[in-house]
1. Any idea how many residues of segment 14-34 are in contact (Cβ under 8 Å) with a residue 24 or more places away in the chain, over 15 Å from the mean Cα position of the chain (by Cα) and in a helix (DSSP H, G or I)?
2. From 105, 6, which residue is surrounded by 11 or more Cβ atoms within 10 Å (Cβ to Cβ), in a helix (DSSP H, G or I) and in contact (Cβ under 8 Å) with a residue 60 or more places away in the chain?
3. Mind telling me which of the residues 91, 96, 37 ends up being at negative phi and touching a helix residue (DSSP H, G or I) at 6+ places or on another chain (Cβ under 7 Å)?
4. Taking residue 114 as the residue in question, decide whether it is more than 24 Å from residue 10 (Cβ to Cβ), under 16 Å from the mean Cα position of the chain (by Cα) and assigned to a helix (DSSP H, G or I).
5. For residue 62, are the conditions met, namely being part of a helix (DSSP H, G or I), more than 16 Å from the chain's Cα centre (by Cα) and surrounded by 12 or more Cβ atoms within 10 Å (Cβ to Cβ)?
6. Only one of (1) loosely packed, with under 12 Cβ neighbours inside 10 Å; (2) closer than 30 Å to residue 123 by Cβ is not met by residue 46, so which one is it?
7. Please verify whether residue 52 is under 30 Å from residue 115 (Cβ atoms), assigned to a helix (DSSP H, G or I), under 18 Å from the mean Cα position of the chain (by Cα) and free of Cβ contacts under 8 Å to residues at least 60 places away in the same chain, treating the condition exactly as stated.
């Protein structure tokens, strides 16, 4: 997956993606043990994961692409009048992305494990 998205440089980030995947997987599997607790059902854990990855990706992107990274907020061929409106909207949506992803992961984990424990309680 990393090779398909990043090319030959994708192998440099394999360890990070693997550790992140294993952390989420093991955290959720531990929550399936009776009378245990799923740490990904805490909002602070999902926020810290999302914020850490967001800051890391932005640092890597700034190092790799420099000032060309700013073109992420302005599509090509946009007029100046539209750019004055579009750039702040894109910037705000980009900044709220880790908050949105953190809340979504929290809600999915909390709902899934709550449903599983309710169903297991009936059994």
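1. 1
2. 105
3. On the way: 96 fails: touching a helix residue (DSSP H, G or I) at 6+ places or on another chain (Cβ under 7 Å); 37 fails: touching a helix residue (DSSP H, G or I) at 6+ places or on another chain (Cβ under 7 Å).
The conditions single out 91.
4. It is false that residue 114 is more than 24 Å from residue 10 (Cβ to Cβ), under 16 Å from the mean Cα position of the chain (by Cα) and assigned to a helix (DSSP H, G or I).
5. Working: part of a helix (DSSP H, G or I): yes; more than 16 Å from the chain's Cα centre (by Cα): yes; surrounded by 12 or more Cβ atoms within 10 Å (Cβ to Cβ): yes.
Yes; evaluated as a whole, the condition is true for this residue.
6. Going through (1) loosely packed, with under 12 Cβ neighbours inside 10 Å; (2) closer than 30 Å to residue 123 by Cβ one by one, residue 46 breaks only (1).
7. Details: under 30 Å from residue 115 (Cβ atoms): yes; assigned to a helix (DSSP H, G or I): yes; under 18 Å from the mean Cα position of the chain (by Cα): yes; free of Cβ contacts under 8 Å to residues at least 60 places away in the same chain: yes.
Criteria met by residue 52.
The numbers here are math on the coordinates, done by the rules we state, and not lab data. Just so it is clear, the structure is predicted and the values come from calculations on it, not from any experiment. Virtual Cβ from ideal backbone geometry, glycine too; neighbours counted across all protein chains shown.
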